[in-house]
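Data block below; observations after.
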Amino acid sequence: MPSSSPSLRSRISWKQISWKRLAWYLVGALVLLAVAVLAARGLRSLPAVQAFIEQYPGHSGLPDGAPVGIPAWLGWQHFFNVFFLVMIVRTGLIIRSKQRPPAFWTRDNSRFPRTKGTPRRLGISVWLHLVVDAFWVLNGVVYVVLLFATGQWVRIVPTDWSVVPNSLSVVLQYLSLEWPVENSWVSYNDAQVLSYFAVVFIASPIAIITGLRMSPAWPMQGRLAKLPSERVARALHFPTMLFFLLFTFVHVVLVLTTGALRNLNHLYASRDSDDWIGFAVFAGSLVALVGAWVVARPLLLAPLAERFGQVRRMPQPAPAPQPAARR
Ligand code: HEM
Ligand code: HEM
């Protein structure tokens, strides 16, 4: 539908995505998964592997006095984390699409924070990406501080090398389709521990450091100006997002297939039960996530950008003539 001000969305050509290629990737992934399942079942029939699983059932165990359950603050932190990530991923993909920014933003240097150098002009999508990043980092810092202040960290930080064989054992058990019995209210299995640790304490810092390196906040002079090089940061930032997406996909599939109602109650209602309350809160949170995706449109938020700097809108190209019939 032609409109007087074509939104950024209509300028991203969805035709650029090759659905055929995507379908082939999907088929390839399913074949690989089927092979992995067959291999895991084969392995589990071997006595040596059975002994290994018996020795490392999947939990390295928590220290005495470890907190039981998931407190409400953790549920909130997790919700805001996902909420901001939806906006970060959307604006990141817009930046990556290399579309000409529909507007540019220049920080008003007559107000706080004042800097010596002249502010650099940013594409409006990079501006929005950076604003949401700031909220995401703030939320993450609060989460990590609370994690350590409450002792809750022992549930996601490995303290014993046996998490490695235990994680391997968990992966083998899931792949062989004979799933272990879990009680994640008391403790996560070691594959969860390792992957939660990786996303919080490895992938997130990498996203932050490489993102800051590409941003105007990074000093142009001095020792920091060289370390790490901007080229390395650029090369790492996008694969880090792919890691986040892969983690989220596997995480959500497992949350929903290993006792969805109980898991959702843990995180969304802070209770250990298998009624529908956690699910209802989760469903409500999905509405907020869809809202985050819809709102994360740079031009929609341009009036907000104007309050903190100068926004220059670029003339929009005329909408391309619509073909009479779609193929
Ligand atoms: C809508 C999508 C999501 C749902 C439904 C979901 C659900 C859950 C649930 C139910 C748990 C508790 C696990 C259990 O009791 O077994 C959990 C924990 C966790 N999730 Fe998610 N999750 C989602 C997205 C994400 C994303 C995008 C990230 C990060 C990139 C993430 C990171 C984590 C972490 C780090 C934990 C462990 C938290 C702790 O105990 O400190 N989740 N999630
Ligand atoms: C504090 C955290 C972060 C900061 C400071 C940051 C900063 C940036 C900056 C400045 C750019 C623009 C680069 C350019 O001008 O071309 C960018 C691009 C991008 N960001 Fe971030 N970012 C952060 C976190 C994240 C996270 C968590 C994700 C995804 C999970 C993400 C996904 C992306 C993507 C996909 C791009 C486009 C990359 C490309 O063109 O290859 N960012 N980010």
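The values are calculated or read from the model by the stated rules, or taken from the named source; none is laboratory data. Since the structure is predicted, the reported quantities are computational estimates derived from the model, not experimental observations. Glycine gets a Cβ as well: all are built from the backbone with ideal geometry, and neighbour counts include every protein chain shown. The protein model used for the area step is the full one, side chains on, heavy atoms only, and it has no ligands, DNA or RNA in it. Shrake-Rupley method; radii C 1.70, N 1.55, O 1.52, S 1.80 Å.
Has the stretch 280-289 got any residue that is part of a helix (DSSP H, G or I), closer than 30 Å to Ala103 by Cα, within 16 Å of ligand 2 (Cβ to nearest atom) and touching a helix residue (DSSP H, G or I) at 6+ places or on another chain (Cβ under 7 Å)? Yes; the residues of the stretch 280-289 include at least one that is part of a helix (DSSP H, G or I), closer than 30 Å to Ala103 by Cα, within 16 Å of ligand 2 (Cβ to nearest atom) and touching a helix residue (DSSP H, G or I) at 6+ places or on another chain (Cβ under 7 Å). With respect to Leu227, determine if the residue is open to solvent by 80 Å² or more (accessible area, probe 1.4 Å), part of a helix (DSSP H, G or I) and more than 10 Å from ligand 1 (Cβ to nearest atom). Here the answer is no, as Leu227 does not meet what is asked.
The lone criterion from (1) within 11 Å of ligand 1 (Cβ to nearest atom); (2) open to solvent by 30 Å² or more (accessible area, probe 1.4 Å) left unmet by Ser285 is number (2).
Tally up the residues in the stretch 142-201 that are under 22 Å from Val253 (Cβ atoms), polar (S, T, N, Q) and in a helix (DSSP H, G or I), please. Summing the residues that are under 22 Å from Val253 (Cβ atoms), polar (S, T, N, Q) and in a helix (DSSP H, G or I) in the stretch 142-201 gives 6.
Among the numbered conditions (1) away from ligand 2 (no atom under 15 Å from the Cβ); (2) without any contact (Cβ under 8 Å) to a residue 40 or more places away in the chain, the only one that Ile95 does not meet is (1).
Can you find even one residue in the stretch 91-110 that is touching a Leu at 6+ places or on another chain (Cβ under 9 Å), basic (Lys, Arg) and part of a helix (DSSP H, G or I)? No, the stretch 91-110 contains no residue that is touching a Leu at 6+ places or on another chain (Cβ under 9 Å), basic (Lys, Arg) and part of a helix (DSSP H, G or I). Looking only at residues of the stretch 258-273 that are part of a helix (DSSP H, G or I) and near ligand 1 (Cβ under 8 Å from one of its atoms), we find that the one that is farthest from the chain's Cα centre (by Cα) is Arg262.
For Val37, work out the one condition from (1) over 24 Å from Glu182 (Cα atoms); (2) surrounded by 10 or more Cβ atoms within 10 Å (Cβ to Cβ) it doesn't fulfil. The number of the failed condition is (1). Counting only residues that are on the phi < 0 side of the Ramachandran plot and among the small types (Gly, Ala, Ser), which one in the stretch 214-224 is least open to solvent (accessible area, probe 1.4 Å)? Among residues in the stretch 214-224 that are on the phi < 0 side of the Ramachandran plot and among the small types (Gly, Ala, Ser), the one least open to solvent (accessible area, probe 1.4 Å) is Ser215.
No other residue among Ser162, Ser110 is in contact (Cβ under 8 Å) with a residue 40 or more places away in the chain and among the small types (Gly, Ala, Ser) apart from Ser162. Annotation note: Cβ proximity below 7 Å between a residue of the stretch 231-253 that is open to solvent by less than 70 Å² (accessible area, probe 1.4 Å) and a residue that is part of a helix (DSSP H, G or I) and of a type in the set (S, T, N, Q) (sequence gap 6+ or interchain) occurs for Ala233/Thr210; His237/Thr210; Thr240/Thr210; Phe247/Ser195. Once the stretch 165-213 is narrowed to residues that are away from ligand 2 (no atom under 14 Å from the Cβ), more than 21 Å from His78 (Cβ to Cβ) and hydrophobic (A, V, I, L, M, F, W, C), the residue that is most open to solvent (accessible area, probe 1.4 Å) is Val181. Looking at this structure, is Phe244 near ligand 1 (Cβ under 10 Å from one of its atoms) and either under 24 Å from Ala29 (Cβ atoms) or more than 18 Å from the chain's Cα centre (by Cα) (or both)? Answer is yes for this residue.
Screening Ser125 against (1) among the polar types (S, T, N, Q); (2) closer than 30 Å to Asn183 by Cβ; (3) under 26 Å from the mean Cα position of the chain (by Cα) leaves a single unmet condition, (2).
If you check Arg121, Arg155, Arg107, Arg96 for being among the charged types (D, E, K, R), open to solvent by less than 50 Å² (accessible area, probe 1.4 Å) and at pLDDT 90 or above, only one passes: Arg155. For beta carbons closer than 6 Å, sequence separation of 6+ or different chains, a first residue in the stretch 201-217 that is free of Cβ contacts under 8 Å to residues at least 24 places away in the same chain and a second that is small (Gly, Ala, Ser), the qualifying pairs are Arg213/Ala233; Met214/Ala233. Tallying residues that are under 30 Å from Leu147 (Cβ atoms) and more than 8 Å from ligand 2 (Cβ to nearest atom) within the stretch 214-242 yields 9.
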